[in-house]
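Taking it in order: structure first as structure tokens, then the write-up.
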Amino acid sequence: MMPFPFEISATEGRARTGVLKTARGDIRTPAFMPVGTAATVKAMTVDQVKATGADIILGNTYHLMLRPGPERMERLGGLHKFMGWDKPILTDSGGFQVMSLAGISKVKEEAVTFSSHIDGSKHVLTPERSIEIQADRIGADISMQLDQCVSWPAERDAAQKAMELSIRWGARSKARFGEREHQALFGIQQGSTFEDLRRQSSDQLQEIGFDGYAIGGLAVGEGHQAMCEVLDYAPEMLPADRPRYLMGVGKPIDLVEAVWRGVDMFDCVLPTRAGRHGQAWTWDGPLNLKNARFAEDQNPLDPAIDGPSSQYSKAYLHHLIRADEILGKVLLSWHNIAFYQALTAAMRAAISEGRFEQFRRDFHARHTSN
Ligand SMILES: Nc1cc(CSc2ncc[nH]2)c2nc(N)[nH]c(=O)c2c1
């Protein structure tokens, strides 16, 4: 039985809008999930995150298993209670972060072994241990299978081996997860930029059977154009009646183009990471607030974006970022998350009203003009 009903309320071409109903609340799709790597969306309180309209945030098995540790997390009542976020949480399975963050790491059939980037301690991650950490210790509403994502560009042979290993790990993840009423498990499609490998991955994931399906292996350096070429076929290889989650994506233009091609859910560190470094996303494109041209610009950052962080003058934000003030990081992270939520809300409305094609044209014209 499927724990989380996914109700699509409107479609326009390949684009869909709907609601994923979970035990901790509804997720309106297309949805952007702010990343809360180490039990915090960096530089934001949970009330600020909630105020942006976010329905769900991400957690990270890799970071949380190193600190505070899975068993301590469980003793503290799980991640929701620990951080005071009572809406849904999706956790990534940890393999991707091991490859990008850990010290020495080794990938074998049985497990991924690695040394902590924090203190060098040795760790083992199997599909079963990842599921135990996500679903039973952290208490994630949506867990991700353990997978192996190859970097780009990838040799076909390497991409095939990683895709096949990910399928076997998906089956092990599912076996350990079992059937749960109030939690969901997503599979992850791999296959790099090879259409036949992505087809094999999708077919085998569906044989195993998941509550939702992620498109992995993108946003790994291939660039917007190559990503869109894969998205021209990859989303529709996955079941139409289940959520499709594009991992690690992306810039605003990436979200618009991926929704156009049938993607429902997104996560990316960009809005918070770029915000901490002075980049603000607006309907007219990105602004680098460190730039001297903003030193005396008394206009608000983006009056169209709801919330206090967007009403401050560019001059003030310029000053805060130049002075490396904590408040600058807070306000720009908050604004950027609010912008991403406004963008997904606008896309949901446009699809519901059958005007998403026009929305997409207008967005390109306005957002990529400057
Ligand atoms: N680009 C990209 C990003 C992420 C991290 S998503 C994330 N985790 C925590 C925050 N955000 C991926 N994660 C997995 N498991 N597999 C992938 O193929 C993959 C690809």
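The values are calculated or read from the model by the stated rules, or taken from the named source; none is laboratory data. Remember, predicted model here, so these are calculated numbers, not experimental data. Here Cβ is always computed from backbone atoms with ideal geometry, including for glycine, and neighbour counts include all displayed protein chains. Remember, those area values only see protein heavy atoms, side chains included, never the ligands or the DNA or RNA. Shrake-Rupley method; radii C 1.70, N 1.55, O 1.52, S 1.80 Å.
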For a label point 7 Å along the Cα-to-beta-carbon line of residue 233, residues of the range 245-274 with backbone N under 17 Å: 261-262
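If you roll a 1.4 angstrom probe over the protein chains with everything in place, what fraction of the accessible area of the range 1-148 belongs to carbon and sulfur, to the nearest %?
53 percent
Considering Cα pairs under 8 angstrom that are at least six residues apart, work out the relative contact order of the range 6-265 and quote it in whole percent.
Values: 499 pairs, mean separation 43.3, N = 260.
With pairs under 8 Å counted, the relative contact order is 17 percent.
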The range 1-136: relative contact order as a whole-number percent, Cα under 8 Å and 6+ apart: 16 percent
How much net charge surrounds residue 266 when only the other residues with a Cβ under 12 Å from the Cβ of residue 266 are counted, with Lys and Arg +1 and Asp and Glu -1? -2
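If you take the C-alpha gyration tensor of the range 275-369, multiply each eigenvalue by 5 and take the square root, what semi-axes do you get, largest first, in whole Å? Could you put the intermediate results ahead of the total?
Details: eigenvalues 147, 36, 19 Å².
After diagonalising the Cα gyration tensor, the semi-axes are 27, 13, 10 Å.
Quick one: if the Förster radius is 51 Å, what FRET efficiency do residue 107 and residue 50 give, using the C-beta to C-beta distance and rounding to 0.05?
0.85
Counting only DSSP beta bridges with both residues in the chain, what percent are antiparallel, rounded to the nearest 5?
Counting DSSP beta bridges with both partners in the chain, the antiparallel share is about 50 percent.
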For the chain, alpha-carbon Rg relative to the globular expectation (2.2 N^0.38 Å, N residues): 0.96
Rolling a 1.4 angstrom probe over the protein heavy atoms, how many square angstrom per residue are accessible across the chain? 40 Å²
